[in-house]
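Peer 1: I have a structure here, written as C-alpha cells, and I will follow up with some questions on it.
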Amino acid sequence: MKSTKVLPVLVMVLILLATLVGCAPAVTPESAQPAAPVATEKSAEPVAPAATEAPAKTVYTYADMTLCYPQLGAESDWRTANTASFKETAAELGVNLIFSDAQQKQENQISAMRACIQQEVDVIALPPVVEDGWDAVLQEAKDAGIPVIIVDRSVSADKSLYVSHIGSDMVLEGRKAGEEMNKLLPNGGNVLEISGTTGSGAAVGRAQGFRETLNANITILDSQTGNFNPTEAKPVAEAFLKKYEGQIDGFFIHNDGMAEAVVEAMKAAGLQPGDVKMISVDGTRGGFQMMIDGWVQADVECNPLLGPQVMEMALMLMNGEEIEAEVLTNETVYYPDNAAELLPTRKY
Ligand code: AHR
C-alpha cells in the first residue's frame, strides 16, 4: 500500500532535515539578515566590514554641549550685554555653560581655562582681556583636544593654537571714529583720547585705526587709559579738562560707559553739549541717550550679542564641520538724527 511505502521515506527525510538543522546556521528572512557578512568555519578571522557598512556617525546637538566661557569681567554695559547673550542663549538651546568672571585679571581667565580643560569641556570660548600671554594655556587646550574660539577681542598667539576668532574689527572701529572726527573738525583742532584696557585688542586696534585715519591738521594732545570703566575714566577726564582748558576741540572715548563719565566731568566744568565734539564706541542705550542730549556726535557700533554665533560654531566643531578662521561682525555708526527713534529698539 501506498502508506507502507511512504512511511520509511518520510522517516529518512525527517532524519536528514534534523541533521541539517543541527549543522547549518539558522536562516532568517533576507530582509532581516545582518549587514555584516556571516563568518563561516573557513573564515574564523574577523571580517572587516565593507566601506558602505560603517557605523552611523554621531550627530551632536546643543544638549550634548558643555561650553566654557571665562568672561573677562563686568566693566561696562557692553560686557553685561555680552554675558547676558551667552547665558540666555545657553538656556534657550540647552547648552551646559560653564561661566566665570575673571574681574579683569588675565591670571583668573587662565585658571578658569585650566579648570575647564580638567573638566574635559567640549569647547572653550575665550574673550581675552589682553592680547599677549595666551600661548601656554592655548597649547594646553590644544593638547587636550579642546578647540578654543577667541571671542570679542583678539590675541597675539599663533593662529594654529585656536580654531577661530569671532568678534569686531577693532581697527576698523578706530578708522570709523577717525573719519567722524575729520568730518566734525574740518578745519582741524586738538583732540584727547581716553582709551580702553591697556594691551587689549579693542584698545590697541581702536587707537591704531584712529591714528591711521585722522587728518594731518588734527592733533592728539594726550591719551590716557580709562580701562573701559567709567569709575576709572572720570578722574582722567577731570584732569584732562583742567590741564587742557580752552584747547580741547574733540574727545575720542573708547566706550560709551567712559563717555558718560566724560559728560559728567564736562557738566561739572561748565561745558555745554557740543562745546567739545565727542566720538564714542559701542552703541549702548547710554550712548544713544548722550546723542539725544547732544553730547555725543557719533557712536561707532560694537556688537556684544555674540552668544548665538559662538554656540553655533561650537556645535559645528563638535560635529567635525568646517568653520571660518575669522568671523567679523558687520557694524555701523549711529548718529544723533535718528537716535531717539532707535533707542527703544536697542537690546543693550
Ligand atoms: O572688547 C569690547 C569692549 O570691551 C567694549 O567696547 C567695551 O565697552 C568693553 O568693555
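Values quoted throughout were computed directly from the atomic coordinates according to the rules given, and no laboratory measurement underlies them. This one's a predicted model, so the numbers in the text were calculated from it and none came from an experiment. Here the Cβ positions follow ideal geometry from the backbone for every residue, glycine too, while neighbour counts run over all protein chains shown.
Peer 1: Report the gain in length on full extension from Glu245 to Leu172: 0.36 nm times residue separation, minus Cα-Cα distance, nm rounded to one decimal.
Peer 2: Working: separation 73, 0.36 × 73 = 26.28 nm, distance 3.06 nm.
Contour length minus the Cα-Cα distance gives 23.2 nm.
Peer 1: While we're looking at this one, here's another question. Roughly speaking, what is the stretch gain from Val327 to Leu221, that is 0.36 nm per residue apart minus the C-alpha to C-alpha distance, in nm to one decimal?
Peer 2: Numbers: separation 106, 0.36 × 106 = 38.16 nm, distance 3.48 nm.
The span from Val327 to Leu221 would gain 34.7 nm if fully extended.
Peer 1: Mean separation of Cα pairs under 8 Å and 6+ residues apart, divided by the residue count of segment 92-196: what relative contact order is that in percent?
Peer 2: Details: 110 pairs, mean separation 19.9, N = 105.
Worked out over segment 92-196, it gives 19 percent.
Peer 1: A further question follows. For Ala269 and Gln118, what does the FRET efficiency come to when R0 = 30 Å and r is the distance between their Cβ atoms, rounded to the nearest 0.05? It would help to have the intermediate numbers written out before the result.
Peer 2: Details: r = 52 Å, r/R0 = 1.73.
Given R0 = 30 Å and the Cβ-Cβ separation, E is 0.05.
Peer 1: Quick one: Asp135, Asp101, fewest Cβ neighbours within 10 Å first, how do they rank?
Peer 2: Values: Asp135 13, Asp101 17.
Lowest count first: Asp135, Asp101.
Peer 1: According to a simple spin-label model (label point 7 Å from Cα along Cα-to-Cβ), what is the distance in nm between Glu107 and Lys183?
Peer 2: Rounded to a tenth, the inter-label distance reads 4.6 nm.
Peer 1: If I take every Cα pair under 8 Å that is 6 or more residues apart in the chain, average their sequence separation and divide by the length, what percent do I get for the relative contact order?
Peer 2: Numbers: 632 pairs, mean separation 54.0, N = 348.
Relative contact order here is 16 percent.
Peer 1: Follow-up question, since we're still on this one. When the Karplus curve 6.51 cos²θ - 1.76 cosθ + 1.60 is applied with θ = phi - 60°, which whole-Hz ³J(HN,Hα) does each residue of segment 264-276 get, with x for Gly and Pro?
Peer 2: 4, 5, 5, 4, 4, 8, x, 7, 9, x, x, 4, 10
Peer 1: Still on this structure: Relative contact order of segment 170-302: what whole-number percent is it, with Cα pairs under 8 angstrom and at least 6 residues apart?
Peer 2: Numbers: 280 pairs, mean separation 34.5, N = 133.
So the answer I get is 26 percent.
Peer 1: For segment 272-348 and segment 140-183, write down the distance between their C-alpha centroids in whole Å.
Peer 2: The distance from the Cα centre of segment 272-348 to that of segment 140-183 comes to 16 Å.
Peer 1: What are the ³J(HN,Hα) values, in whole Hz, obtained from phi via the Karplus relation 6.51 cos²θ - 1.76 cosθ + 1.60 with θ = phi - 60°, for each residue of segment 135-144 in sequence order, with x given for Gly and Pro?
Peer 2: 3, 4, 6, 5, 5, 4, 5, 5, 4, 7
Peer 1: Which is the longest stretch in the chain that no exposed loop site breaks, taking sites as trypsin sites (Lys or Arg not before Pro) with a DSSP loop state and at most 16 other Cβ atoms within 10 Å?
Peer 2: Numbers: sites that count: Lys42, Lys57, Lys105, Arg346, Lys347.
With a cap of 16 other Cβ atoms within 10 Å, the longest stretch comes to 106-345.
Peer 1: Now a separate question. Could you please rank His254, His165, placing first whichever residue has the fewest other Cβ atoms within 10 Å of its Cβ?
Peer 2: His165, His254
Peer 1: Please give the charge dipole size of the chain, origin at the Cα centre, charges +1 on K and R Cβ atoms and -1 on D and E Cβ atoms. Round to the nearest 20 debye.
Peer 2: On the way: 24 positive and 47 negative charges, 215 e Å.
With Lys and Arg at +1 and Asp and Glu at -1, about 1040 debye.
Peer 1: May I pose another question? Once each part is reduced to its C-alpha centroid, what is the distance from segment 52-119 to segment 228-250 in angstrom?
Peer 2: 37 Å
Peer 1: Residue separation times 0.36 nm, minus the C-alpha to C-alpha distance between Lys57 and Ala136: what's the value?
Peer 2: Working: separation 79, 0.36 × 79 = 28.44 nm, distance 3.31 nm.
Length gained between Lys57 and Ala136: 25.1 nm.
Peer 1: Also: How high is the FRET efficiency from Asn319 to Gln208, r the C-beta distance, R0 45 Å, rounded to 0.05?
Peer 2: Numbers: r = 37 Å, r/R0 = 0.82.
It comes out at approximately 0.75.
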